[in-house]
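Coordinate-derived values only; no laboratory data. This one's a predicted model, so the numbers in the text were calculated from it and none came from an experiment. Note: ideal-geometry Cβ built from the backbone for every residue, glycine included; neighbour counts use all protein chains shown.
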Amino acid sequence: MENNKITNVEIIFVKYPEKKKIKFPFAYHVISGFIFFKVKINNGLVGYGEPSPYLGNFYLISNLFKKYLLPLIEGQNVNSIDLDKIKKKINSKIDKKIINCILAGLEQAFWDIKGKILKQPLSAILTKKIKSESPIDLYASGGMIYDDQPYSLLLNEALEYKELGFKGYKFRPSISRKQLSHFKRTKNPPNFDVKKLMKACADLRFKLGDSFKLMIDTGCRISNDLDFWYISNCLDELNFLFLEEPFRRNIELYKKIRRFKKVQIAAGESLQTQKDFNIWAKNIDILQPDSNMIRISEILKLKTHLKSNTKKVIFHNWANPISMFSNFHLSKIFDSNFIEYNITYNPVIKNLLKETIKIKKGQFVFNKKPGLGIEMNDDFLKKYSIKL
């Protein structure tokens, strides 16, 4: 056990320069960059973890981490470290949302190391009943266009990924070229042309066929009940799998619609505790945890709570390869063999790791390596990262 003590934790900031004008919108963290943790224990093993890329100022977060969290973590045994106790000690010193994200990233790294100690993939440690190494079905998550572009452009993208074997496609309402910031859109969700969007939904369903799963993420942008009822009825008729985050992240709005909506409602990417999910599970149909926001230990509690519950769990999976691998492994502990895969412009997805993410016929294929199963591409990191 002595050899499992944490000796060093590094925060590494990665930012790939935007070298060319991209035709379509993409995730804001591609512009702002992201951080990940590199945790080392004294037998030489290293684990990696990625918190949400939407934390805010990474330099400020790094300073807060070094001042308040690092002294409580260094020297601790990675197998027995009590993050709940640590969280209580610093609750009054750091914003709770930031604490939860930091701990979520750290816990990924701890589990990565635990897998390496046991010489088993994380999925095999987390579940014994399910074939932990069997592939996972992916749905292509893209469908982002500017509001001066026609929705018909989405068809080619959807057809491309259907032909590649992906099991579904998720898209979004168009956005203004002036509102690219994720933070600004979340704070003041922009309106969109509902009828144009619903026509695009009908066209996609007609061209792609009834068996191909379709989903839409409105990004909290539906502003009134009338628009919601219209969209809900249309999507139900068009056999859409779900409507994601129709309203702002206010539970009262979702309580209001739960008895009358026609289409399944999905949400949860911003939730950070099992208790939060318990509340939301009563009012939505599909839960969307993301292990860069909620700790793995909290997700395991959620699994226990949902044993007698019929709620579906489909992981939100929109960031970079470290948290993506974490979500792939965690997806195996739930009955749903279906997960999001970001297809928008993000060079980091292909370049951060030594080996690219293996996708075959629209499925993620596990590589059977211990822990998360990842190794960093040192050449890429030398060019595009700094230690904070």
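Values computed for the structure shown
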quantity	calculated
Long pairs among LYS93/LYS312; LYS187/LYS368; LYS40/LYS87; LYS89/LYS311; LYS178/LYS332; LYS116/LYS382, criterion Cα-Cα beyond 32 Å	LYS93/LYS312; LYS187/LYS368; LYS89/LYS311; LYS178/LYS332
Nearest-0.05 FRET efficiency for LEU226 and ARG259, computed from C-beta distance (R0 30 Å)	0.95
Size of charge dipole - the chain - debye, nearest 20, with Cβ of Lys, Arg +1 and Asp, Glu -1, no other charges	520
Ranked list, fewest to most other Cβ atoms within 10 Å of each Cβ, for LEU122, LEU69	LEU69, LEU122
Relative contact order %, the chain, counting alpha carbon pairs below 8 Å whose residues are six or more apart	22
Where chymotrypsin sites (Phe, Trp or Tyr not before Pro) fall in DSSP loop in the stretch 125-177, at most 14 other Cβ within 10 Å	none
Label-point separation in nm, ASP147 to ILE22, each point 7 Å along Cα→Cβ	2.1
Loop-located trypsin sites (Lys or Arg not before Pro) in the stretch 318-366, at most 13 other Cβ atoms within 10 Å (DSSP)	LYS354, LYS358, LYS361
34 Å tail of the calculated P(r), the stretch 125-364, as % of Cα pairs	12
Loop-located chymotrypsin sites (Phe, Trp or Tyr not before Pro) in the stretch 217-262 whose Cβ has at most 11 other Cβ within 10 Å (DSSP)	PHE260
The stretch 292-367-the stretch 55-75 distance, computed between alpha-carbon centres (Å)	26
The chain - mean residue ellipticity at 222 nm from DSSP helices (-39,500 (n - 2.57) per run, n ≥ 4, rounded to 500)	-10500 deg cm²/dmol
Among PHE58, PHE36, PHE24, residue whose mean-square fluctuation peaks in a GNM of the chain (springs only between Cα atoms under 10 Å)	PHE24
Residue exposure sequence - LYS20, LYS97, LYS282 - by fewest surrounding Cβ within 10 Å	LYS20, LYS282, LYS97
Length added when fully stretched, LEU164-LYS97, from 0.36 nm per residue minus Cα-Cα	20.4 nm
Residue of LYS369, LYS170, LYS89 that the Gaussian network model of the chain assigns the largest fluctuation, springs spanning Cα pairs under 10 Å	LYS89
Ascending count of other beta-carbon atoms within 10 Å, so fewest first, for SER291, SER134, SER92	SER92, SER134, SER291
